[in-house]
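Throughout, read-outs are computed from the coordinates displayed, never taken from laboratory work. Remember, it's a predicted structure, so these values are computed and weren't measured experimentally. All Cβ positions, glycine included, derive from the backbone under ideal geometry; neighbour counts span all protein chains shown.
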Amino acid sequence: MAYKIVASQCTACGACEFECPNAAISTKRGVYVIDAALCTECEGHFKSPQCAAVCPVADTCVPA
Amino acid sequence: MAQVISLDSLMIPVSTDTMRQQLESGGCSSSSCGSSDGPADMAPEVWAKVKDHPCYSEEAHHYFARMHVAVAPACNIQCNYCNRKYDCANESRPGVVSEKLTPEQALRKVVTVANEVPQLSVLGIAGPGDACYDWKRTKATFDLVAKEIPDIKLCLSTNGLALPDHVDEIADMNIDHVTITINMVDPQVGTGIYPWIFYNHRRWTGLEAAKILHERQMQGLEMLAARNILVKVNSVMIPGVNDEHLVEVNKVVKAKGAFLHNVMPLISDPAHGTYFGLNGQRGPRAMELKALQDKLSDGTKLMRHCRQCRADAVGLLGEDRGQEFTMDQLAEEISYDPSKRAAYREIVAENRGEHVAQKAAAAEVVAESDTDATVLVAVATKGGGRINQHFGHATEFQVYEVSPSGIGFVGHRKVDQYCQGGWGEDATLDGVLAVLEGVTIVLCAKVGDCPKDSLAAAGIQVSHDYAYDWIESGIAAWYAAAYPSAARLSA
């Protein structure tokens, strides 16, 4: 159970990184990636996955 | 004619010696030189804050430069005029994506520019996302720069959603200019502009989203005003969506203590990939914008000299030297040298005293004209308050309205540069003609016969008779000749 970021669409704004309650998001070669091992889809923290809620590009932060 | 100290010669590269020579050889012949009284309608402490800020003072924008550093890419709202893949559409040109900087890289860039552009007075953070939402990076950048260059003015621009959370820190950091983009004071209007916001750990849409954004904007504005931080309100004029509503916005933000209201035209193009661009929403024409601005001029002081600059712009308003200062051109190690900026300030102080006196004299000249003619005059200028640019080199014209009641700056009109490598372009000239709608005469430093004839055929005069004169003096001299006073006619 995790989210992923579509690299070709990512604008590298970094909003997802500081909304993530699990510190699962970091930069890799200019764009952001989600560490599936750390991602909980925000269960227990928030009602919806924060990275997907804040991402400015449609269909870019999606269930893996 | 007033002695000319051309500020052109101060464009880089320039040595401090050159500037000093200018100062000594030029001097100031006016008896009222040294007077730097602010506009009569401004309290002295306010004038002290704005007098060197090109975005907050129309007068300062002739002399001082700003730079933006793109350290804040993250944003918490979606606007229909913005596509994040191309930065904020209102601060960018098509296909041009700014370099995102870390706070440390930004410091290196600011120091380099401060050493090479003596006009620099302001550092702003305007995104490309939101400076208050991306607060850690914004704050880190300001802290680094303020330590290195203590006298630089700091300002930021925000959509307001995260603003109330940071007002106290903004005050502590001596940021005394904040711009909030407020496009509506009625959430119903907001639903046509903002598809969603991210607030309090969730995404909001529709009326709820617009309501939250509106409340946070008003709260932020009031908190800043209560702390005597100058607030400029930017509004994007979107025909058919909020154009008429902006009259109400103007009233409300004025009542809540905004210092300036800046109405900007929507930039809309399918190529930008924005919702508005893709759906054929048009931007306003120059005369529509002016008509709205004229309606608002009784409200908060209105800003008409905004150039909607990029989130990484460098230079005087109306010029962008950002490309000269990209990261790959910056030295690894650099230290700040305050001498050029200090010398430039001395020169400007002298120049400005004279400019103020010349403006007053120009107002007296036009007051004598026996006419009720109100006309628009376009001026080609490279800065310094002078008519000092060739017609063909102008990428924009500054437009002034003149009548016996005075000479006032009403806005700028951007054009594609007509002259490219010495050859005028006929296609471009057609564009220039369209841009000059409503203008009676263009004053410039020089103009060729061909464009002059084409403009004449379109009913627009062009003159270089007032080359290198102060803008207001040149306009007054032309106006007095075109509309002589009754006394002079009978003499």
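Build a GNM of chain A with springs between Cα atoms under 10 Å: which of A:C13, A:C39, A:C51 gets the top mean-square fluctuation?
A:C13
Enter the mean number of other protein chain beta carbons within 10 Å of the beta carbon of each residue in B:144-152, as an integer.
On the way: counts 0, 0, 0, 0, 0, 0, 0, 0, 0.
Neighbouring Cβ atoms belonging to other protein chains average 0 per residue here.
Summarise the partner chain shielding of B:201-208 as one whole number: the mean count of Cβ atoms from other chains within 10 Å of each residue's Cβ. Numbers along the way, then the final one.
Details: counts 10, 6, 6, 1, 0, 0, 0, 0.
So the per-residue partner count for this stretch is 3.
Using the Cα centre as the reference, give the magnitude of the dipole from point charges on the C-beta atoms of the stretch B:64-329 (Lys, Arg: +1; Asp, Glu: -1; all else neutral), rounded to the nearest 20 debye. Mind showing how you got there, number by number?
Details: 30 positive and 31 negative charges, 62 e Å.
So the dipole magnitude of the stretch B:64-329 works out to roughly 300 debye.
Using the Cα centre as the reference, give the magnitude of the dipole from point charges on the C-beta atoms of the stretch B:349-490 (Lys, Arg: +1; Asp, Glu: -1; all else neutral), rounded to the nearest 20 debye. Each step should come with its number before you reach the end.
Values: 9 positive and 18 negative charges, 57 e Å.
With only Lys, Arg, Asp and Glu charged at Cβ, the dipole is about 280 debye.
Where the centre of each part is set by its Cα atoms, how far does the stretch A:47-64 sit from the stretch B:325-371, in angstrom?
48
Kirkwood-based Rg over Rh for the stretch A:3-63 (C-alpha set), two decimals? Can you show the working numbers first?
Values: Rg = 10.3 Å, Rh = 11.3 Å.
A ratio of 0.91.
At 0.36 nm per residue, minus the direct Cα-Cα distance, what do B:A140 and B:R202 gain on full extension? Give it in nm, one decimal, please.
Details: separation 62, 0.36 × 62 = 22.32 nm, distance 2.64 nm.
Extra length available between B:A140 and B:R202 comes to 19.7 nm.
In a GNM of chain A with a 10 Å cut-off on Cα contacts, which of A:A23, A:A37, A:A15 has the highest mean-square fluctuation?
Comparing A:A23, A:A37, A:A15 in the GNM, the peak value goes to A:A37.
About the Cα centre, and with charges only on the beta carbon of Lys, Arg (+1) and Asp, Glu (-1), how big is the dipole of the stretch A:3-63? Nearest 20 debye, please.
Numbers: 4 positive and 6 negative charges, 33 e Å.
It works out to roughly 160 debye.
What's the ranking of B:439-447, B:456-464 by average number of surrounding C-beta atoms within 10 Å, highest first?
On the way: B:439-447: 21.3, B:456-464: 14.7.
Most protected by this proxy first, the peptides run B:439-447, B:456-464.
Which cysteines in chain A lack any other cysteine whose Cβ sits under 4.7 Å from their own Cβ?
A:C10, A:C13, A:C20, A:C39, A:C42
What is the mean number of Cβ atoms from other protein chains located within 10 Å of the Cβ atom of each residue in peptide A:52-62, rounded to a whole number?
Working: counts 1, 7, 11, 3, 13, 4, 1, 0, 2, 0, 0.
Across A:52-62, the average partner-chain Cβ count within 10 Å equals 4.
Provide the packing ranking of B:360-373, B:237-250, i.e. peptides ordered by the mean count of other C-beta atoms within 10 Å per residue, highest first. Show your work: numbers first, answer last.
Working: B:360-373: 15.6, B:237-250: 18.9.
Listed from highest to lowest mean packing, they are B:237-250, B:360-373.
Can you tell me which lysines have their Cα less than 27 Å from the Cα of B:K109? Leave out same-chain residues fewer than eight positions away.
Here the lysines satisfying the reach criterion relative to B:K109 are A:K28, B:K49, B:K51, B:K85, B:K100, B:K136, B:K139, B:K147, B:K153, B:K232, B:K340, B:K382.
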